[in-house]
Amino acid sequence: MFWLLAALWGFLKMAWFTLVFVMEFFIRIFHVCDRKTVIFGGNGVELWPRKLATTRFLLEDTKEVKKAIPNITINDVLFGVVSSGLSRYLHHLTPMVILKSR
């Protein structure tokens, strides 16, 4: 008898969470909109010209940063540099995009 109650309780939990996740999915589809940012594409975004920027980092400089912070790798240093640059770029240009979209 106990196994029957446990199975029924498990089924009810599964049905409840499925219902909650489906409702959340539909709310996100029909209600939540993306904010306007620099990387927000408009109509025909796949046809816009691509932009590319490159740079070079000296391995010695990367190793100096790696030595200054314990337990990180060179990949962590490069990831931090790239993510910081992207964050600063978005922070600098996003207010302009929001003003232009009004």
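Here, each number is a calculation from the coordinates, and none is a lab measurement. Keep in mind it's a predicted model, so treat the numbers as computed, not measured. So basically every Cβ, Gly included, is an ideal-geometry build from the backbone, and we count neighbours across all protein chains shown.
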Using a basic spin-label model with each label point 7 Å from the Cα along Cα→Cβ, how many nm lie between Asn71 and Phe25? 3.9 nm
List the aspartates and glutamates whose Cα sits under 19 Å from the Cα of Lys13, skipping any in the same chain fewer than 8 residues away. Glu24
Reported label for calculated mean projected area of the Cα convex hull in nm² given (i) 13.4; (ii) 5.9; (iii) 10.0: (i)
CD proxy, 222 nm, the chain: helix-only mean residue ellipticity via -39,500 (n - 2.57) per DSSP H run with n ≥ 4, per residue, nearest 500, stands at -22500 deg cm²/dmol
Label-point separation in nm, Trp48 to Lys13, each point 7 Å along Cα→Cβ: 4.6 nm
What number, in percent, do you get for the relative contact order of the chain if the mean sequence gap of Cα pairs under 8 Å and at least 6 apart is divided by its residue count? 38 percent
³J(HN,Hα), Karplus 6.51/-1.76/1.60, whole Hz, each residue of region 67-76, x for Gly, Pro: 5, 6, 10, x, 6, 10, 10, 5, 4, 4
